[in-house]
Amino acid sequence: AQSVAQPEDQVNVAEGNPLTVKCTYSVSGNPYLFWYVQYPNRGLQFLLKYITGDNLVKGSYGFEAEFNKSQTSFHLKKPSALVSDSALYFCAVRDINGGFKTIFGAGTRLFVKA
Amino acid sequence: GAVVSQHPSRVICKSGTSVKIECRSLDFQATTMFWYRQFPKQSLMLMATSNEGSKATYEQGVEKDKFLINHASLTLSTLTVTSAHPEDSSFYICSAGDLNYGYTFGSGTRLTVV
């Protein structure tokens with residue numbers, strides 16, 4: 001069965017420092033991987049996706065993620081964090097051999113301190 | 001870009017009443033839409049897949065008679081919470097889109113049953 005793990009409930013980082021939000025996945029076939037951000041009482045906003053091609057994917061707001069097939073990881077990164085990046089981040093996977101369902105990780109809350 | 005509109009954003013209802021939530025794709029046609037439920041500080045749980053012109057596919061454990069889904073057109077899916085109870089209070093989110101380009105999420109509906 002497909003699954004997504006976000007091992008950290010919370011990540012704290014100082015403004016200006018690089019940030020990493022971790023994600024590992026498990027699927028039976030080739031994965032479609034996504035990162036979403038959610039602000040309080042709001043829906044999800046798409047950040048970036050990996051389908052195929054270059055393992056380093058660049059997305060919105062300066063975020064990027066690296067697909068690592070051998071480690072089955074898709075960690076979200078940003079070189080320099082902003083206070084406004086503070087939000088809830090979800091990693092998601094869609095198994096192309098499993099229909100159109102998207103499975104979400106538990107979410108990681110990012111706090112960026114000024 | 002793909003825009004998904006969800007209405008209402010907030011609703012308070014009395015126990016025993018029914019509430020309808022609408023999900024519209026504004027600038028594209030969506031043969032498939034998805035309904036998610038999110039409990040406080042938790043991830044999104046897929047409730048059902050809404051298919052235009054046919055019955056919805058419910059995830060295991062989701063009561064299809066309680067959460068009625070209708071996808072009558074290519075731009076509209078509705079979720080009706082029937083005979084609502086306080087435990088149905090939650091944040092409901094729909095999504096629609098394309099397998100290759102990712103899915104766009106609605107802004108969510110905060111349901112409070114009193």
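Quick grid of which residues meet (1) at pLDDT below 95; (2) within 13 Å of another protein chain (Cβ to nearest Cβ):
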{"residue": "A:T20", "(1), (2)": "no, no"}
{"residue": "A:P31", "(1), (2)": "yes, yes"}
{"residue": "A:Q38", "(1), (2)": "yes, yes"}
{"residue": "A:F63", "(1), (2)": "no, no"}
{"residue": "A:K69", "(1), (2)": "yes, no"}
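None of B:A72, B:A84, B:A96 is in contact (Cβ under 8 Å) with a residue 24 or more places away in the chain and away from chain A (no Cβ under 14 Å) except B:A84.
Screening A:E66, A:E8 for residues that are of a type in the set (D, E, K, R), farther than 28 Å from B:T49 by Cα and without any contact (Cβ under 8 Å) to a residue 12 or more places away in the chain leaves exactly one candidate, A:E66. When the range B:1-49 is filtered for residues that are among the polar types (S, T, N, Q) and either more than 13 Å from chain A (Cβ to nearest Cβ) or in a strand (DSSP E or B) (or both), the ones remaining, listed by number, are B:S5, B:Q6, B:S15, B:T17, B:S18, B:S25, B:Q29, B:T32, B:Q38, B:T49.
The values are calculated or read from the model by the stated rules, or taken from the named source; none is laboratory data. Not measured: the values here are computed from a predicted model. Every residue, glycine among them, receives a Cβ derived from its backbone with ideal geometry; neighbour counts consider all protein chains shown.
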